[in-house]
Amino acid sequence: MSHPLSRWAAGVLRDSLLLLTRAFTRVRAVRPPGEPRAEQTLYFANHNSHGDFMLLWATLPPALRRDTRPVAGRDYWLASRLRRFVGEKVFCALMIRRDASQPGPSPVDQIVEALHEGSSLIFFPEGTRNIGEEILQPFRSGLFHVALACPQVRLMPAWIEGTRELLPKGAWLPVPCRCTVHYGTPIQRLPGEEKDAFIARARQALLALRPAQAGRT
(Lines give C-alpha, C1' and ligand atoms only; values in the text may rest on other atoms or scores of the structure.)
Protein backbone atom coordinates (compact mmCIF):
# COMPACT_ATOMS: atom_id res chain seq x y z
CA MET A 1 0.00 0.00 0.00
CA SER A 2 1.38 3.43 -0.93
CA HIS A 3 2.18 6.02 1.73
CA PRO A 4 -0.49 8.74 2.25
CA LEU A 5 2.06 11.45 1.44
CA SER A 6 2.95 9.68 -1.81
CA ARG A 7 -0.74 9.44 -2.77
CA TRP A 8 -1.23 13.13 -1.95
CA ALA A 9 1.80 14.16 -4.04
CA ALA A 10 0.63 11.98 -6.94
CA GLY A 11 -2.82 13.54 -6.83
CA VAL A 12 -1.44 17.10 -6.77
CA LEU A 13 0.88 16.36 -9.67
CA ARG A 14 -1.90 14.66 -11.63
CA ASP A 15 -4.22 17.66 -11.24
CA SER A 16 -1.40 20.06 -12.10
CA LEU A 17 -0.48 18.18 -15.27
CA LEU A 18 -4.11 18.10 -16.38
CA LEU A 19 -4.39 21.85 -15.78
CA LEU A 20 -1.19 22.53 -17.72
CA THR A 21 -2.30 20.24 -20.55
CA ARG A 22 -5.54 22.15 -20.95
CA ALA A 23 -3.77 25.52 -20.65
CA PHE A 24 -1.11 24.70 -23.26
CA THR A 25 -3.37 22.93 -25.75
CA ARG A 26 -6.93 24.20 -25.22
CA VAL A 27 -7.72 20.58 -26.02
CA ARG A 28 -11.23 19.76 -27.14
CA ALA A 29 -13.03 16.53 -27.92
CA VAL A 30 -15.06 15.77 -31.03
CA ARG A 31 -17.38 12.84 -30.34
CA PRO A 32 -20.16 10.95 -32.12
CA PRO A 33 -23.69 11.34 -30.73
CA GLY A 34 -24.29 9.58 -27.43
CA GLU A 35 -20.67 9.71 -26.27
CA PRO A 36 -19.05 9.56 -23.81
CA ARG A 37 -20.68 6.58 -22.13
CA ALA A 38 -19.92 5.11 -18.73
CA GLU A 39 -18.93 1.75 -20.22
CA GLN A 40 -15.65 -0.13 -20.16
CA THR A 41 -13.64 0.97 -23.17
CA LEU A 42 -10.27 0.41 -24.78
CA TYR A 43 -9.36 3.62 -26.59
CA PHE A 44 -6.92 2.94 -29.44
CA ALA A 45 -5.14 5.97 -30.83
CA ASN A 46 -2.31 7.22 -33.02
CA HIS A 47 0.97 7.86 -31.23
CA ASN A 48 3.24 10.82 -31.98
CA SER A 49 4.57 11.90 -28.58
CA HIS A 50 4.66 11.12 -24.87
CA GLY A 51 1.90 13.71 -24.45
CA ASP A 52 -0.68 11.75 -26.43
CA PHE A 53 -2.36 9.90 -23.60
CA MET A 54 -2.55 13.10 -21.51
CA LEU A 55 -4.66 14.77 -24.19
CA LEU A 56 -7.06 11.84 -24.43
CA TRP A 57 -7.16 11.55 -20.65
CA ALA A 58 -7.88 15.28 -20.29
CA THR A 59 -10.96 15.02 -22.53
CA LEU A 60 -12.59 12.29 -20.43
CA PRO A 61 -15.12 13.19 -17.73
CA PRO A 62 -13.60 12.77 -14.23
CA ALA A 63 -15.63 9.65 -13.45
CA LEU A 64 -14.34 7.92 -16.59
CA ARG A 65 -10.80 9.24 -16.19
CA ARG A 66 -10.50 7.62 -12.77
CA ASP A 67 -11.04 4.18 -14.28
CA THR A 68 -8.90 4.72 -17.40
CA ARG A 69 -5.24 3.72 -17.45
CA PRO A 70 -2.67 4.35 -20.20
CA VAL A 71 -0.73 1.36 -21.52
CA ALA A 72 2.92 2.43 -21.42
CA GLY A 73 6.33 1.01 -22.33
CA ARG A 74 8.14 0.01 -19.19
CA ASP A 75 11.56 0.52 -20.82
CA TYR A 76 10.85 4.27 -20.88
CA TRP A 77 8.71 4.82 -17.80
CA LEU A 78 10.81 2.70 -15.43
CA ALA A 79 14.12 4.21 -16.56
CA SER A 80 14.34 6.63 -13.61
CA ARG A 81 12.76 7.13 -10.19
CA LEU A 82 10.89 10.22 -11.36
CA ARG A 83 9.45 8.53 -14.44
CA ARG A 84 8.49 5.51 -12.36
CA PHE A 85 6.66 7.70 -9.86
CA VAL A 86 4.82 9.59 -12.60
CA GLY A 87 3.95 6.43 -14.53
CA GLU A 88 2.95 4.21 -11.63
CA LYS A 89 1.58 6.62 -9.03
CA VAL A 90 0.35 9.63 -11.00
CA PHE A 91 -1.16 7.89 -14.03
CA CYS A 92 -1.51 4.30 -12.72
CA ALA A 93 -0.11 3.19 -16.08
CA LEU A 94 -0.09 -0.43 -17.12
CA MET A 95 3.60 -1.06 -17.76
CA ILE A 96 4.32 -3.50 -20.57
CA ARG A 97 7.45 -4.66 -22.36
CA ARG A 98 7.65 -3.52 -25.97
CA ASP A 99 10.52 -5.81 -26.96
CA ALA A 100 9.71 -9.52 -27.15
CA SER A 101 13.31 -10.32 -26.18
CA GLN A 102 12.81 -8.75 -22.75
CA PRO A 103 11.78 -11.01 -19.86
CA GLY A 104 8.34 -10.67 -18.35
CA PRO A 105 4.70 -11.45 -18.99
CA SER A 106 3.07 -11.09 -22.39
CA PRO A 107 1.76 -7.54 -23.00
CA VAL A 108 -1.50 -8.97 -24.33
CA ASP A 109 -1.93 -11.06 -21.19
CA GLN A 110 -1.35 -7.96 -19.04
CA ILE A 111 -3.87 -5.92 -21.01
CA VAL A 112 -6.47 -8.68 -20.89
CA GLU A 113 -5.96 -9.09 -17.14
CA ALA A 114 -6.41 -5.34 -16.58
CA LEU A 115 -9.60 -5.36 -18.64
CA HIS A 116 -10.94 -8.36 -16.74
CA GLU A 117 -10.29 -6.41 -13.53
CA GLY A 118 -12.55 -3.64 -14.84
CA SER A 119 -10.14 -0.96 -16.03
CA SER A 120 -10.58 1.00 -19.22
CA LEU A 121 -7.34 1.51 -21.15
CA ILE A 122 -5.61 3.89 -23.58
CA PHE A 123 -3.71 1.80 -26.10
CA PHE A 124 -1.41 2.66 -29.01
CA PRO A 125 -1.55 -0.18 -31.56
CA GLU A 126 1.43 1.16 -33.54
CA GLY A 127 3.53 0.02 -30.59
CA THR A 128 5.85 3.02 -30.57
CA ARG A 129 5.81 6.72 -31.39
CA ASN A 130 5.53 7.68 -35.02
CA ILE A 131 8.38 10.12 -35.65
CA GLY A 132 8.66 9.51 -39.40
CA GLU A 133 6.79 10.75 -42.43
CA GLU A 134 4.09 8.08 -42.36
CA ILE A 135 0.61 9.26 -41.39
CA LEU A 136 0.10 6.07 -39.36
CA GLN A 137 2.49 3.18 -38.83
CA PRO A 138 1.36 -0.43 -39.31
CA PHE A 139 -0.59 -1.84 -36.37
CA ARG A 140 0.85 -4.68 -34.34
CA SER A 141 -1.36 -7.67 -33.68
CA GLY A 142 -2.11 -6.94 -30.02
CA LEU A 143 -5.42 -5.19 -30.67
CA PHE A 144 -6.76 -8.26 -32.43
CA HIS A 145 -5.83 -10.60 -29.59
CA VAL A 146 -7.39 -8.25 -27.04
CA ALA A 147 -10.59 -8.05 -29.11
CA LEU A 148 -10.65 -11.84 -29.27
CA ALA A 149 -10.16 -12.27 -25.52
CA CYS A 150 -12.44 -9.41 -24.38
CA PRO A 151 -15.41 -9.18 -26.75
CA GLN A 152 -17.42 -7.30 -24.10
CA VAL A 153 -15.05 -4.31 -24.13
CA ARG A 154 -15.76 -1.42 -26.49
CA LEU A 155 -12.86 -0.65 -28.86
CA MET A 156 -13.01 3.07 -29.62
CA PRO A 157 -10.73 4.73 -32.20
CA ALA A 158 -9.41 8.16 -31.24
CA TRP A 159 -7.32 10.36 -33.53
CA ILE A 160 -5.13 12.75 -31.52
CA GLU A 161 -4.35 15.89 -33.49
CA GLY A 162 -1.55 18.31 -32.63
CA THR A 163 0.92 16.48 -30.37
CA ARG A 164 3.79 16.56 -32.85
CA GLU A 165 3.74 20.31 -32.48
CA LEU A 166 2.99 20.19 -28.74
CA LEU A 167 5.87 17.97 -27.63
CA PRO A 168 8.45 17.40 -30.40
CA LYS A 169 10.83 14.46 -30.09
CA GLY A 170 13.50 15.14 -27.50
CA ALA A 171 11.64 18.08 -25.94
CA TRP A 172 10.79 18.20 -22.24
CA LEU A 173 8.79 21.42 -22.32
CA PRO A 174 5.58 21.65 -24.39
CA VAL A 175 5.02 24.27 -27.06
CA PRO A 176 1.57 25.92 -26.82
CA CYS A 177 -0.71 24.83 -29.67
CA ARG A 178 -4.33 23.82 -30.25
CA CYS A 179 -5.04 20.09 -30.00
CA THR A 180 -8.13 18.01 -30.66
CA VAL A 181 -9.10 14.42 -29.91
CA HIS A 182 -11.46 13.01 -32.54
CA TYR A 183 -13.40 10.03 -31.16
CA GLY A 184 -15.03 7.53 -33.49
CA THR A 185 -17.70 4.88 -33.25
CA PRO A 186 -16.63 1.79 -31.25
CA ILE A 187 -15.83 -1.32 -33.24
CA GLN A 188 -15.87 -5.03 -32.40
CA ARG A 189 -14.36 -8.09 -33.96
CA LEU A 190 -16.90 -9.62 -36.32
CA PRO A 191 -17.79 -13.32 -36.00
CA GLY A 192 -15.11 -15.33 -37.72
CA GLU A 193 -13.07 -12.25 -38.65
CA GLU A 194 -9.38 -13.09 -39.08
CA LYS A 195 -6.50 -11.05 -37.75
CA ASP A 196 -5.44 -9.29 -40.94
CA ALA A 197 -8.99 -8.26 -41.83
CA PHE A 198 -9.69 -6.97 -38.33
CA ILE A 199 -6.42 -5.03 -38.11
CA ALA A 200 -7.05 -3.43 -41.52
CA ARG A 201 -10.57 -2.43 -40.50
CA ALA A 202 -9.42 -1.02 -37.13
CA ARG A 203 -6.63 0.94 -38.81
CA GLN A 204 -9.06 2.36 -41.35
CA ALA A 205 -11.50 3.33 -38.58
CA LEU A 206 -8.71 5.38 -37.01
CA LEU A 207 -7.53 6.94 -40.26
CA ALA A 208 -11.10 7.96 -41.10
CA LEU A 209 -11.05 10.33 -38.11
CA ARG A 210 -8.01 12.25 -39.33
CA PRO A 211 -8.77 15.82 -40.42
CA ALA A 212 -7.40 16.66 -43.86
CA GLN A 213 -4.87 19.14 -42.47
CA ALA A 214 -3.37 16.53 -40.10
CA GLY A 215 -1.73 14.81 -43.06
CA ARG A 216 0.41 17.85 -43.88
CA THR A 217 4.04 17.92 -42.81
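The values are calculated or read from the model by the stated rules, or taken from the named source; none is laboratory data. Just so we're clear, the structure is a prediction, and the values are computed from it rather than from any experiment. Note that each Cβ is placed from the backbone with ideal geometry, even for glycine, and that neighbours are counted across all protein chains shown. Quick note on the areas: whole protein, heavy atoms, side chains included, nothing else; ligands and nucleic acids left out. Shrake-Rupley method; radii C 1.70, N 1.55, O 1.52, S 1.80 Å.
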Notebook entry, point to check: Looking at segment 63-75, is at least one residue farther than 26 Å from residue 203 by Cα and either of a type outside the set (Asp, Glu) or in a helix (DSSP H, G or I) (or both)?
Noted result: yes
Next item on the list: Could you tell me whether residue 25 is over 25 Å from residue 116 (Cα atoms) and either touching a residue at least 12 places away in the same chain (Cβ under 8 Å) or touching an Asp or Glu at 6+ places or on another chain (Cβ under 6 Å) (or both)?
Entry: yes
Check: Just one of the numbered conditions (1) out of contact with any strand residue (DSSP E or B) (no Cβ under 6 Å at 6 or more places or on another chain); (2) at pLDDT 85 or above; (3) open to solvent by less than 80 Å² (accessible area, probe 1.4 Å) is not true of residue 186; which one?
Finding: (1)
Next item on the list: Within segment 91-108, work out how many residues are more than 21 Å from residue 25 (Cα to Cα) and buried (at least 18 other Cβ atoms within 10 Å of the Cβ).
Entry: 6
Item checked: Subset of segment 53-87 (residues that are acidic (Asp, Glu) and at pLDDT below 90) -> 75
Next item on the list: Would you be able to say whether some residue in segment 115-133 is of a type in the set (S, T, N, Q), more than 25 Å from residue 184 (Cα to Cα) and open to solvent by 20 Å² or more (accessible area, probe 1.4 Å)?
Entry: no
Note to self: Out of everything in segment 192-217 that is modelled with pLDDT of 95 or more and open to solvent by 90 Å² or more (accessible area, probe 1.4 Å), what residue ends up being nearest to residue 52 (Cα to Cα)?
What the structure shows: 204
Item checked: Exclusive hit being open to solvent by 30 Å² or more (accessible area, probe 1.4 Å), farther than 25 Å from residue 188 by Cα and not β-branched (Val, Ile, Thr), set 35, 88, 39 -> 88
Margin query: Being assigned to a helix (DSSP H, G or I), free of Cβ contacts under 8 Å to residues at least 60 places away in the same chain and charged (D, E, K, R): is that true of residue 99 here?
Written below: no
Next item on the list: Starting from segment 29-57, keep only residues that are closer than 19 Å to residue 208 by Cα, then list their pairs with residues that are in a loop (DSSP other than H, G, I, E, B) and of a type in the set (Phe, Trp, Tyr) whose Cβ atoms are within a distance under 9 Å, requiring at least 6 positions of separation or different chains.
Entry: 44/124; 44/139; 45/124; 46/124; 47/124; 52/124
Next item on the list: Out of 125, 105, 138, report the one residue that is in a loop (DSSP other than H, G, I, E, B) and closer than 27 Å to residue 62 by Cα.
Entry: 125
Checklist line | Matching entry among 56, 18 (being open to solvent by less than 50 Å² (accessible area, probe 1.4 Å), over 25 Å from residue 112 (Cβ atoms), in contact with a Phe, Trp or Tyr (Cβ under 9 Å, 6 or more places away or on another chain) and outside any loop (DSSP other than H, G, I, E, B)) | finding: 18
Margin query: Filter segment 1-15 down to the residues that are part of a helix (DSSP H, G or I) and open to solvent by less than 50 Å² (accessible area, probe 1.4 Å) and list them by number.
Written below: 6, 9, 10, 11
